[in-house]
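The values are calculated or read from the model by the stated rules, or taken from the named source; none is laboratory data. Small disclaimer: the values here were computed from a predicted structure and weren't measured. With ideal geometry, Cβ positions are generated from the backbone for all residues, glycine too; neighbour counts draw on all protein chains shown.
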Amino acid sequence: MFEWSEQTVYGTVTWYTLLIAALIFLGSLLFSKLVSIQLRRSLKDKLSKEHLGMLIKVVSYGIMIIAILSIMPMVGLEPSGLMVAGGIVALAIGFASQSIIGNLISGLFLMGERPVKIGDLVEISGNLGTVEDIQIISTAIRTLDGLYIRIPNETVFTSSITNFSANPVRRFELAIGISYADDADKAIAIIKDIAANHPLILINPPPQVFVDALGDSSVDLIARFWSPTSEWYNVKMELLWKIKVAIESEGIKIPFPQRVHWSGSGEKADLPESIA
Amino acid sequence: MMENQDKVIDNLEEVSWQYQPGPSFRALPWGPHRLPVKLALDDTLSISLEKSGTGYLYRREDQSGRVEKLVQAGKGEIYLCPVEPFHHPARINQHLLLEFDQPVLLEPRKSVRLYLTVPIEIAVVFTRKRIDETVLDVFSFLKPKLSLYGTVKSGLVCRHWQSSIHESIPHLNPLVEGILQLTIKNSGNRWADVRQAVFSAQAMKIYYNAQLVAMQATMKINNELTAETTFIDGPLKAGMSKAPEQFSAKLLSLPGRMVMEEGY
């Protein structure tokens, strides 16, 4: 009944083996599709859209490459022969594409480790900006000046990365100097009051305001505030002037740097004891 | 002090309302109000929607300044309603942390029902009857404040509120604060020292009437560190209306319950 299937098409390849090869190919195609759907369903909440798309491509291409290699002998093509022939070509391509492969592997590791994600404010090898895109070979960031920078993933992977958006909140610090004649406790209370009334300064962790140093020209106060990561810079820009205005309106002076010079011609009684 | 009064001059409906502390005060004019209208609330805030060209000019004036918007629409009405307290500051927090003004010590396998004050914001909604509605503005009489629940690495930025605890429903200004009927259940085997509760914005179910803004929730204490909070979708008193949800869990595909894993 199926005698036609025993007929050779070319060489030792029969219609039967061709049919089996076609079925394996179609089965693999279906299998890779099902795996892709399953991966998409199970990982859609765990991976970003870009990373998930990349993973699905790698897995489905992997399945198809294995399927094609396994059906090659059925259709009269020997993969070993191809490998010998392709070996030399692969060696040449390998040398030529060394950096590309390095970037690609770094890209895969970055997708696994996920030190940055799209939208994060980061500093990578001295470049400060917002991550615009993470591709398999490179990462694109837009600097705060609006410049586009493409960084190879190998550089991203081997550089130290500062991610300013990794945590939901961050602390910033302001330094305020007041004159020695003024009451530091009063200044601290004014600064704490400003923090308490600012909607974007967190209650917890609490603000810290304290005398940090007795400087050359001023009593140096340090104020530390916690704010949402997305807002801290605007708050910082707004706050220093607000503090300056508030403490000066309460009669507290912010002194200029000053130095007292004693001339040798003065009366001895005018000099400080330590010099006299 | 401004008197509670309503009047209509040249087709402009003018409504004044002032909260008077105590068990009975004049019904809050949530609306709906025909246009044009001017509402003066608690001496400090006024809202108006007056005819301007082919549409209306919306104006809100309070101590912080003035907000104006042009509304291009045909016939419509406005009404006020309480909404979740997450619009100010905008797009930063979607959780509410209530810090109790006194800790609640609860024995194992015991539950307690308490009434806590919660902050609310007020939405001004423009409605075209039976067609659609849109929120024109959201304001609040309260100064918002944020707090971190959990660690710096993985915590949540929450709207913070120092909440006073009551054993029965207290009298509050419905424009400023609402009441949360919270049932705390200690499912653990040890005493629970409850000092705070965190809720997800995606689940707030606010009901209101002319004198009260209220919601209900449960807090199930699982062990020494974790608790679960969930809002209940139901009115505290019969006849209360449901406020439109601005942060619907359904719309955002987010869970309405909140698991507190960093202590209570």
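Tabulated data
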{"read-out": "Subset of the stretch B:129-172 that is of a type in the set (Gly, Ala, Ser), more than 30 Å from B:Val71 (Cβ to Cβ) and outside any strand (DSSP E or B) - its residue that is farthest from the other protein chains (Cβ to nearest Cβ)", "value": "B:Ser168"}
{"read-out": "Single condition A:Gly177 does not satisfy, out of (1) surrounded by 14 or more Cβ atoms within 10 Å (Cβ to Cβ); (2) in a strand (DSSP E or B); (3) small (Gly, Ala, Ser); (4) under 33 Å from the mean Cα position of the chain (by Cα)", "value": "(4)"}
{"read-out": "Answer residue from the stretch A:217-243, given it is part of a strand (DSSP E or B) and among the charged types (D, E, K, R) and is nearest to the chain's Cα centre (by Cα) among those", "value": "A:Arg224"}
{"read-out": "Leading residue by the ranking (surrounded by the fewest Cβ atoms within 10 Å (Cβ to Cβ)) among those in the stretch A:193-216 that are outside any strand (DSSP E or B) and more than 14 Å from chain B (Cβ to nearest Cβ)", "value": "A:Asp216"}
{"read-out": "Qualifying residue in the stretch A:149-167 (condition: away from chain B (no Cβ under 14 Å) and aromatic (Phe, Trp, Tyr))", "value": "yes"}
{"read-out": "Selection from the stretch B:173-189 of residues that are closer than 14 Å to B:Leu105 by Cα and in a strand (DSSP E or B)", "value": "B:Thr183, B:Ile184, B:Lys185, B:Asn186"}
{"read-out": "Residue selected from the stretch B:79-117 under the condition of a type in the set (Val, Ile, Thr) and within 13 Å of the chain's Cα centre (by Cα), by the criterion surrounded by the most Cβ atoms within 10 Å (Cβ to Cβ)", "value": "B:Val83"}
{"read-out": "Residues being surrounded by 20 or more Cβ atoms within 10 Å (Cβ to Cβ) and either outside any loop (DSSP other than H, G, I, E, B) or over 21 Å from the mean Cα position of the chain (by Cα) (or both) - total across the stretch B:219-244", "value": "5"}
{"read-out": "Residue within the stretch A:88-97 that is within 29 Å of A:Ile118 (Cα to Cα), modelled with pLDDT under 80 and of a type in the set (Ser, Thr, Tyr) present", "value": "yes"}
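Okay, residues lined up against (1) of a type in the set (Val, Ile, Thr); (2) more than 30 Å from A:Gln258 (Cα to Cα); (3) in the same structural domain as A:Met237 (by TED's automatic domain parsing); (4) touching a residue at least 12 places away in the same chain (Cβ under 8 Å):
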position	(1), (2), (3), (4)
A:Gly107	no, yes, no, yes
A:Ser125	no, yes, no, yes
A:Leu128	no, yes, no, yes
A:Val131	yes, yes, no, yes
A:Leu144	no, yes, no, yes
A:Pro152	no, yes, no, yes
A:Ile176	yes, no, yes, yes
A:Ser179	no, no, yes, yes
A:Ala189	no, no, yes, no
